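Written below as structure tokens is the structure these notes are about.
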Amino acid sequence: MYHLVDEKTRLYACNVAEITLEDAYCILQSWGGKHSLSEVVVFYSVTQNAVVINENCKDFNSIVMLCRGFLDADAETLEDVETGNLEGNTWESVCRVLLEARAIMDFKDNMKMLSHQKPGKEYHLMDWRTYNHLMQEQQFFNIFQYGVIMGKRTERARRAK
């Protein structure tokens, strides 16, 4: 079905005829419905959790290099590639899809990592009743302090006249 191009960056290649229905829906959604499946160059595969390149596109080798660069880049490099920098670029739509795919892949990796962690124990150092009582005392003190300050201000204003 999908041919592995680069295992480290999770980059695959396929023909348009091999695209699954679920991936076809995601392709049309990520490309905004402006293109047909035969025109799509790069897309994110939900089933593989990877970026897939259309083997039938003209600049296949260039796109493989671009995808490897995007998917292998660190966070600081990707911050430099903002939407303003992409406008007018010939590969603008491909770069946008790659940025979205990278974000989804990172999110899924983080969620997978967090799903294997055991929940920690919560330690409550203070009972909620004690906390509410202390907060109420703090609020009363703030009101009293505000009253004293305002009283001093009015006293100074009266002496100044």
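Positive contributions from Lys and Arg (+1) and negative ones from Asp and Glu (-1), summed over other residues with Cβ under 15 Å from the Cβ of Ile27, come out at -4.
Could you line up Phe140, Phe70, Phe60 from fewest to most neighbouring Cβ atoms inside 10 Å? List each step's numbers first, then the result.
Values: Phe140 10, Phe70 23, Phe60 15.
So the residues, fewest neighbours to most, are Phe140, Phe60, Phe70.
Normalised by the number of residues in the chain, what is the relative contact order in percent for Cα pairs under 8 Å and 6+ residues apart?
On the way: 120 pairs, mean separation 27.9, N = 161.
Once divided by the residue count of the chain, the mean separation gives 17 percent.
Across region 1-62, the convex hull enclosing all Cα atoms gives 81 Å³ per residue. Its Cα gyration tensor gives region 52-156 an equivalent ellipsoid, and the semi-axes of that ellipsoid, as √(5λ) in whole Å with the largest first, are 57, 25, 9. Computed over neighbours whose Cβ is under 12 Å from that of Asn56, the net charge equals -3, Lys and Arg +1, Asp and Glu -1.
Please give the net charge around Tyr146, taking every other residue with its beta carbon less than 12 angstrom from that of Tyr146, where Lys and Arg add +1 and Asp and Glu add -1.
Numbers: positive: Lys152, Arg153; negative: none.
Once all neighbours under 12 Å are counted, the net charge is +2.
Exposure proxy for Leu66, Leu98: other Cβ atoms within 10 Å of each Cβ, ordered fewest to most, give Leu66, Leu98.
Over all distinct alpha-carbon pairs, what is the Kirkwood Rh of region 3-115 in angstrom? Don't skip to the answer; put the middle values down first.
Details: mean 1/r = 0.0693 Å⁻¹.
By the Kirkwood definition, the hydrodynamic radius is 14.4 Å.
None of the figures in this text is laboratory data; all of them are computed from the coordinates on show. Predicted, not measured: the structure shown is a model, and the values here were computed from it. Here Cβ is always computed from backbone atoms with ideal geometry, including for glycine, and neighbour counts include all displayed protein chains.
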